[in-house]
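Structure record follows, encoded as structure tokens.
Any read-out appearing in this document is the output of simple, stated calculations on the displayed coordinates, not a laboratory observation. Because the structure is a prediction, the values reported are computed rather than measured. All Cβ positions, glycine included, derive from the backbone under ideal geometry; neighbour counts span all protein chains shown.
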Amino acid sequence: MSEKQVARGQRPGLFIAALLVCTALFSSTASPAIALPEKFFGMTAHESMNDSEPDWEALQKAGVQRLRMQIKWQTIDQAGNGDWKQEYAWVNTYDRYFEKAAKRGIEILPFLFTRRSGNQQHYWIGEPAYPEWLQFVWTVVQRYGHAGTFWANLKKNNPSVPYLPVKIWEVWNEPNLDANSPAKSADGELYAQFLKGTSETIHAAQNAIEPNPHSTSVLFGGIYQPDQGTDLPTYLQEAKNAGVGIAAHFDGLSIHPYGFGPKGNPATSESARRQSVLDNVFQARNALSNMCAACTGKSLWITEFGWGVGSGAKMVDQDQQSNLLFSTYDWLIGASPTLNIQFAAWFSYKDTYCCGTWDQYSGLRRLDGTLRPSWCAYAAITSAQCFIPYKWHIDNLGGVNTSDADISSWGPGRLDIFARGSDGALWHRYWNYGSWGPWEKMPGPSIVGGPGAVSWDYGRIDVVARTNDANNTLTHWYWNGATWAYDNLGGVNTSDPDISSWSGNRLDVFARGSDGKLWHRYWNYGSWGPWGSRGGPTIVGGPGAVSWNPNRIDVVARTNDANNTLTHWYWNGATWAYDNLGGVNTSDPDIASTGPNDLEIFARGSDGMIWQKTWNGFGWGSWTILGGPVVGGPGAVSWDEGVAWDGERIDVIARSTDVNSSLTHWYWLP
């Protein structure tokens, strides 16, 4: 993927010019380098179970060290069909988020929020549901805290994953707002009682599995500032007056110092908005110190701050958002040692659609996944790389096509497309560094069905397709950099073939044989081996094949079952193995790879659309829709963008549903 290195402390104007995508000029230069607390830079996401899953790689590359994410009792209860204690309820919800975050070196900072019913009002001592809440808290801590059951199982099953148990627990979210408090009336005394019981349970649950009272911290939960709810100084004094010794039950104060200005005096300019955040942080520090003598040394955790993009009193334009992010973070970094600020999280990672309020548009990424300039501003302030997520583009390549098409690439800036034309011959069209050539007819016999194509080096292309003869033997075309030639590879073939290459002078050809099984023939430095069956289930239609490294081949084909699920074969250099990837598939699939341990599978679903499934080196993603509708199956390839983008590219083609079955072309770029 595309990355550009930007160091914090670089002049903002040069940063923007270098990246092109970030047009705003930041309002301050960065602070000198200082020693920041561990995992200082954070992001807060909306409820991930209801929204699209975060792009973990993008978060890592942007410099996110902690992701603040709520753990909702209701989410787990629903996953357990009304029984939140079921193991599968946890496995199918938050376990996968903790594992994926850990694989990217991202620690999760959970905030325990909402009741089993989904209600946002925190519990009060004495109500019937309160004891079960404490059971839920105990279970969460014993699962995700130090030496928790989740981490023990992960270490056993996948020991290479970094060990990142929860160290900090935030209790509730913005309890000083009426909507989040019992009887819809914010009361610091009631919250203090609730926090005391919850905090005691957190520590008891942690100590029961790994006695270490210094390993777990509890945060007084997410106090909203400044223009709604009970103000922070008053709320802290109410908590102190509860008479429960509240200072002993929390280690840090988490705040949401939004830069909207105080009540009755909204901030409108960039400088006023930024100053509002600073004023709120100072207010929190002073209020905490005034709460009690022991509170003076407690830390501040900024678990939300940010601005939405749009029109309205709490909204800014995208360049202002970028400026404010950079300059506010810059100030927080400089103030961290003096004010004991341990963490600062932008709200939020990505826009969501809920209710049209400002916070739904505060993301560094828009709803469609595209980036705002603030994405690269965040990367700049964290001294990380500006990782630019890609998106799909689409165009039409024309042609009169009577078969599935395939596509190959011998390097950056080059694509070669092959399909059967209306005359039964093999036709070819190429993209060469910025422009498409015309469709051209290839030499050789008439063919049946569609071709498979691959390139093993610059100036080399190999294509296979079934010959229009009794056995549908395979014709093999090859371009040696100057001329096309062809020969015949024999076989008794009952599907379109495909071809892969793991290096120069190595070819692997796959097709369905007369017995319905997957068959294979290879070229290895000067000679063809015999045809051989690769085992596995009976298949429907033809395979797709790719190689990501020497001695590695991956092949996919539809299984002969009710849904035509995909079977996946892989050669690891010594043996063939296979597994099943599911799906409801109505076309031959194809498979591409952007590099080692990456696979991109494409197939037509039951709705006539192209669907995609990805292997990222850790596991298979879910099927996601690419586009369509289309006729038949896709062809796919990836090239390394090299100097131009410093990343990878994927190209997919399939026949459109128009009168000529012209080719639709999708390509994956920033």
Share of antiparallel DSSP beta bridges in the chain, in percent to the nearest 5?
75 percent
Residue-ordered couplings for the stretch 150-156, obtained by feeding phi - 60° into the Karplus form 6.51 cos²θ - 1.76 cosθ + 1.60 and rounding to whole Hz (Gly and Pro as x), are 4, 6, 5, 5, 5, 4, 6
By count of other Cβ within 10 Å, fewest leading, how are 69, 442 ordered?
442, 69
Could you run the Karplus curve 6.51 cos²θ - 1.76 cosθ + 1.60 with θ = phi - 60° over the stretch 77-82 and give me ³J(HN,Hα) per residue in whole Hz, x for Gly and Pro?
5, 5, 5, x, 6, x
Which of the three applies to the stretch 162-274, rounded, prolate or oblate, going by the alpha-carbon gyration tensor with a ≥ b ≥ c and a/c under 1.5 meaning rounded?
oblate
Collect residues whose amide H, placed 1.01 Å from N in the peptide plane, falls under 5 Å from the amide H of residue 218; neighbours closer than 5 in sequence don't count.
169, 251, 252
Checked the stretch 517-670 with the C-alpha gyration tensor, a ≥ b ≥ c its square-rooted eigenvalues, rounded below a/c of 1.5, otherwise prolate if a/b is larger than b/c and oblate if not; verdict oblate
For percent of Cα pairs over 38 Å apart, which listed value, (1) 33; (2) 56; (3) 45, comes from the coordinates shown?
(3)
Estimated [θ] at 222 nm from DSSP helical runs (n ≥ 4, -39500 (n - 2.57)) normalised by residues in the chain, nearest 500:
-6500 deg cm²/dmol
Quick one: 3J(HN,Hα) in Hz for the stretch 308-321, Karplus 6.51/-1.76/1.60 with θ = phi - 60°, rounded, Gly and Pro as x.
x, 9, x, 10, x, 4, 9, 10, 9, 7, 5, 6, 5, 4
Angstrom value of the Kirkwood radius, inverse mean 1/r, which spans all Cα pairs in the stretch 391-669
18.3 Å
For the chain, take the longest principal axis of its alpha carbons; what is the angle in degrees between that and the long axis of helix 130-144, to the nearest 10 within 0 to 90?
50 degrees
What lysines sit close enough to residue 100 to cross-link, taking a C-alpha to C-alpha distance under 29 Å and skipping anything fewer than 8 places away on the same chain?
4, 39, 61, 72, 85, 155, 156, 167, 350, 391, 613
Amide H proximity to residue 316 below 5 Å, modelled H, separation 5+ or other chain, gives 308, 309, 310
Nearest 0.05, what FRET efficiency do residue 515 and residue 480 give at R0 = 35 Å with Cβ-Cβ as r?
0.50
Within the chain, what's the longest stretch lacking chymotrypsin sites (Phe, Trp or Tyr not before Pro) that sit in DSSP loops with no more than 11 other Cβ atoms inside 10 Å?
164-352
For residue 196, the aspartates and glutamates lying under 15 Å Cα to Cα, once residues fewer than eight places off in the same chain are dropped, come out as 170, 187, 238, 251
Any residue on another chain or 5+ positions along whose placed amide H is under 5 Å from the amide H of residue 649 is listed here as 639, 641
Counting only DSSP beta bridges fully inside the stretch 12-381, the antiparallel percentage to nearest 5 is 5 percent
Neighbours of residue 171 by Cβ distance under 12 Å: Lys/Arg at +1, Asp/Glu at -1, summed charge -3
